[in-house]
Each structure stands twice: as C-alpha cells, then as structure tokens.
1. How many angstrom lie between the C-alpha centres of segment B:134-195 and segment B:242-297?
2. If packing is taken as the average number of other Cβ atoms within 10 Å across a peptide's residues, how do B:272-281, B:215-224 rank, most packed first?
3. What is the helix-to-structure angle for B:296-329, meaning the angle in degrees between its Cα long axis and the longest Cα principal axis of chain B, kept from 0 to 90 and rounded to the nearest 10?
4. Would you mind telling me which residue in A:Val145, A:Val130, A:Val15 has the biggest mean-square fluctuation in a Gaussian network model of chain A, where springs connect alpha carbons within a distance under 10 angstrom?
5. On C-alpha positions alone, give me the angle between the axis of helix A:116-129 and the longest principal axis of chain A, in degrees, nearest 10.
6. Calculated FRET efficiency, A:Asp134 and B:Leu325, Cβ-Cβ r, R0 51 Å, to nearest 0.05?
7. Give the peptides B:187-195, B:35-43 in descending order of average Cβ contacts within 10 Å, highest first.
8. How big is the convex hull of the Cα atoms of segment A:50-167, per residue, in Å³?
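The values are calculated or read from the model by the stated rules, or taken from the named source; none is laboratory data. Being a predicted model, the structure only gives us computed values, none of them experimental. When we count neighbours, we look across all protein chains shown, and the Cβ atoms used for this are built from the backbone with ideal geometry, even at glycine. Side chains are part of the model used for accessible areas, which takes the heavy atoms of the whole protein and leaves out ligands, DNA and RNA. Shrake-Rupley method; radii C 1.70, N 1.55, O 1.52, S 1.80 Å.
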Amino acid sequence: MNETPLLRAERLGKVYPDGQVNALVEVTLSIRCGEYVALMGASGSGKSTLLNLLGALDRPTSGEVYFDNRPLSQIDDPDGFRSKKIGFVFQSFFLLPTLTALENVQIPMFEGSLGARQRAAKAADLLDLVGMKDRAGHRPGHLSVGQRQRVAVARALANDPVLLLADEPTGNLDSHSAAAVLDLFDHLHRDKGMTIVLVTHGQEVAERAERIVRLRDGRICADERRLAQAARQAAATS
Amino acid sequence: MRFHQFILKNVFQRKARSALTMLGVGIAVMAVVALVGIADGFERSFRELYERRGVDLLVVRAGSSEHLSSSVPQQVGKQIGKLPGVRAVSPGLMDVVSFEQANLTSVLLQGWTADSFLFDNLTILDGRRLRADDDAGVMLGTILARNLGKHAGEKLEIANGSFEIVGIYESFNPLENGSAVMLISSLQILMDRPNQVTGFQVVLDDAPDKRASIERVRHDINALRSPQGRPWGIAATPTRDYVRGTSQIRMAEAMAWMTSIIALIIGIVGVLNTMIMSVFERTREIGILRAIGWRKSRVVRLILYESLLLSVVGAVAGIGSAVLLTYALTWWPMVNGLIRGDVAPAVMIQGFFIALAVGLLGGAYPAYRGAHLLPTEALRHE
Ligand SMILES: Nc1ncnc2c1ncn2[C@@H]1O[C@H](COP(=O)(O)OP(=O)(O)OP(=O)(O)O)[C@@H](O)[C@H]1O
Ligand SMILES: [Mg+2]
C-alpha cells in the first residue's frame, strides 16, 4: 500500500454564514492513496461539510486541505481539478431525469478531451463495470433506486478520478441494493486502487472500510484503523 | 452525446415555455423587420423613382423640408435648361388627393409637361399616353386603376374636376403605379397654383467626374436669379440626399425604430424571464453539474446557448413572417403602392443580429446567476 498522503486536512474550520454554526472545528486528517475511509457521526456532526471540503466543492473558513501536497486554495481552476481528480456520489443520486443512464454518465466528460463517440463508448464500459450495461438506454425514472445509484457511481468514475467521495450512498437503498453498491466500492478499492471516503450512518456499512473516522459536533472524536478486519472480510467475500 | 444535444434536450423538455419564448422573440423581430423594412422600402421606392431615370439633381424651394409643399415658379426651368452640363429638365407638380368612395386617402397626383422625359419609363397597358391637348385627361398607374376599378376611356372625378382616363400605365416603381399623372397645366388649374411647380428633376450630361459636375451645376442653379435680379430662393440637392431629407421618410424611419425598440425591450424581458425561471428551476441541476465537474464557464455556455437558440429560432420565424406580411400588405388597397413587397436582405440580417443581441442580453444575467451558484447550496435547494 502506498504510504504518501493523498489528502491532508489541516485544522479545518467551517462556519456557515447563516446561523453561525461551527460545522467543523480544527479537523486534522490524513488519508493515504488507496485508502478506504468511512466517516461516521450523528446527524449534524459535520460529515457532509467535511466531505465537501475534501472534494473542493466548498471552501473552509480556516485551515487548508492538501491534495498531493498541493493546497486546494492555491489551485487556479478548482472546477477543473474536481472534474479530473474527484468523483462524487450522493445519497439521492442526483441523476438528470431527462437523460438516459448512458447520457448521464457522459455529462462529466464534456470537460474532458474525448470526442462524442469515445464518450459514449467509455460510458458504456463504465455501465458495464457497475453491472448496468443492459439498462444503458433507460431513464432514471425507469430504474430501481439501487440501479440508479450504480449509474451514479459510473458517472462519478467518468473522468477516471483518483478519489471517490460518497455521501451516504446507501442511505436511500434497501439492504440488497446497498450491498450491491458496497460490493462495487470494494471492487473499486481492491482491484482499482481507488481512494474512497464514504459517509454513513450504518455500522455495517462502515465496517466495509479499512478505517472509521467519527465526528462529533464538528470534531474528530475517534479514528480507528480496521485493516485486519477489512482484509479478513475481503478474503471472505472473494 | 454532444453538448448541443444536451442543450436541445433542455429546450424540448420545456416545450410550452420554449415555444412561447420563441413566439415572443419572433413577434418582436417580425415587428422590427416589417416596420424597418417598410420604411426602408419606402425610401428605396422614392429614390428609385429618380435614380432609374438618371435624375442627378432635384430642385425645390430652399428650406422646405416638407417637399410636397414646395412651390417654385415654372419659368425657373428654362434657366436651368440653359446651364452648361444640363441635358434635360422636367418640371413636376405634385399633390395628394383622396378618393373617398374607394377608401384611398392619400393618392399622389403628378403634373408633368407633355414632352417630359418622365413619360419614357411608363409602359402603356391600356389606352394611350397623354398628349399636349389632353387638358381634361389623366393617366392612372396599374395599382391605382385596380384599386379604383377603372379602365381607360372611363370618367374619373378628381378634387371637383372631371377627367377622362386616357390610359393606364405600368411603371418600374410601385409608388408610381399607385399614383396618377396629368398635364402640369391641368393640375395647376385644378389646385389653383398658376405657374407654380413643386420642383424640377434635372438630368446632367455624362461627365468623367460626375460628382464634380453635379457640384458645379448645383452651385449654378443655386445662384440663379429672377429677371428682376432677385435670388429665386431655390435649392438643388443630389437625389440621394434629397430622398434622405424628405420629412415623410424621416418620420417613417423614426417611427419604425421607436416601435422596434419597444418590441426589442419586450423581447429581451421575455427571454430574461424565461431564462431566470429556467435557472431557478434548475438550481439543483446546476449544482449537480458543478459537483460532477462542470466549470462555471460551461454553465454560462449552457444557459447562453439556450437563450440564443430560443432567440435565433424565434428570429428566423419572425423574419419569415415579416416577409410574408409585407408581401401580403402590398395587396391591401389602402396601401396603394406605398409598401414594397421585397424586404431588403440587409434589413433581414439586421433583424437576425438584433435577435442575437436579445438572446445574449436576455441570457447574460441568468447565466451569471447560474454560474455563481455555490454548488453545495444549489444541491441543498429543493
Ligand atoms: N449550507 C449551510 N448553511 C448553514 N448551515 C449549514 C449548512 N450546511 C450544513 N449546515 C449546518 O452545519 C452542521 C453540519 O452539517 P452537515 O450537513 O455537515 O452534517 P452531517 O453530519 O452531514 O449531517 P447529516 O447526517 O444529517 O447529513 C449542521 O448543524 C448543519 O445544520
Ligand atoms: Mg450529511
């Protein structure tokens, strides 16, 4: 396993302008390349806030996030950076309802250099990867929630990111669909070396990861490495 | 999928709203193209009337911007004819009459001399040309004859005078086809303007430097004096400038532009409204697009291209309707040759660029708003 930190959060603070909530206080966290981390904590503890800061979707009030040792605040084109390096998966999928699965997966690729045909081919490959190849022409409304989330994962992978950030990806799924999505994450982590940060409320879900970071009131209150267990589980499932 | 296909999907997704926006832009562009086109056509007709006959200078009373009311003694024409460089001079008296029973309120009545070169461009369709002894004769243009339902040989009442229609002519010019011609002497009696004419049309000899010769003759004409040694108070103007300066044309153009500006503002507000609504409705979608990696610039393009698409489709429809409308109007009796059926391509292109401006202006603020949404906020938007 690669030991260089891919992500390093240093004394991150986030105060939302309205309400004066200290959503995050002095959060310092380091995530290695290829690591699979679960973020847990009560509702309102700052999990989503932290995830958004790690993914350059929002700016911290104080502190800094380093990606490959580069401070995010120094990046000229944060949108382009996000587009190339980071894939997001959300609890409520956020697929575009008027587009087919295949088209949804292509949306992030507009910022890349692929031609229309290559985009379609790549999207088809990604749908194949998430086991949705036969549903490529369906719109989200005609897919089950579990299938939608798998399409959303394929979309997150569209620009070959190095980091996958998932905010309660199984929160809206039944246990069967959830398992399918988590298996997919396992596969990406194990076989593709993807770095994954996943927010969850579920202990079983979190236990799929190698490390569990717990937040309480915007602070990290526990950081537990579960390397042995994860390896054991990986062995059991394969 | 291509970017433009994504944009088309958005437009087709909201069919009713897209169609209404296009209709709004279309009507605005139609108003602009039709009105400016009609004003421009009027000017072209007017200019053509002189240019096709090779008229280089028009002489009317100095300072009269309302050219119809100009009045110059007819004898000035003889002096002009003797100036070096002048090939031909034709006096003309113009007035406007109405034919109430045919619902025609302003028909141009022209008085020419029987030997005038102005007759040379008229094709006689029925009857014959006016002769020097046709004191009670009149010739009608085809459009006027059609609107009055008259034929050669019939009688026609004009402003308390009784005339015989000696012929029906066709001119190259719709304005002239909507008017009537009689001898200048008859018109002077009819209008009680003895020995007075509206002005003179002057054709010059061909010269290597036409401009210079026009300038010279113009100077000579302005310097002419009456036998008593007094200045005539007349002004010779090159054809193009004369037409430009005609008050009716200036008015028509000003009105066309005023109406157009109002139409445009309505068009811009329509597009603005649609696109603001669209951005508001799609706040979450824009947040998603940003979160999955779209740059602000692409969101700007998404919104601007969409508003441009709506405007351009609206413009094409509007220009097409304006052309049809203008053509249809020429068949309306009231119009009587005042409107040309052909809208100048330049006016259509102008309409198209105006629509582009409408799309850009109407889309600019919504695009700015959309691009500056914070992705995290946009995603929380319900
Ligand atoms: N945009 C915002 N404006 C104001 N306050 C916010 C905003 N986003 C989050 N907060 C507040 O910041 C705190 C942390 O919110 P966050 O969404 O990060 O929590 P969370 O751990 O993800 O909760 P949940 O499990 O419910 O998703 C909460 O008190 C929340 O109300
Ligand atoms: Mg959350």
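1. 48
2. Values: B:272-281: 18.6, B:215-224: 16.0.
The peptides rank, most packed first, as B:272-281, B:215-224.
3. Rounded to the nearest ten degrees, it is 30.
4. Taking springs between Cα atoms under 10 Å, the residue moving most is A:Val15.
5. With rounding to tens, the tilt is 70 degrees.
6. Numbers: r = 54 Å, r/R0 = 1.06.
Given R0 = 51 Å and the Cβ-Cβ separation, E is 0.40.
7. Working: B:187-195: 15.3, B:35-43: 23.0.
Sorting B:187-195, B:35-43 by mean packing, highest first, produces B:35-43, B:187-195.
8. Per residue, the Cα convex hull of segment A:50-167 comes to 103 Å³.
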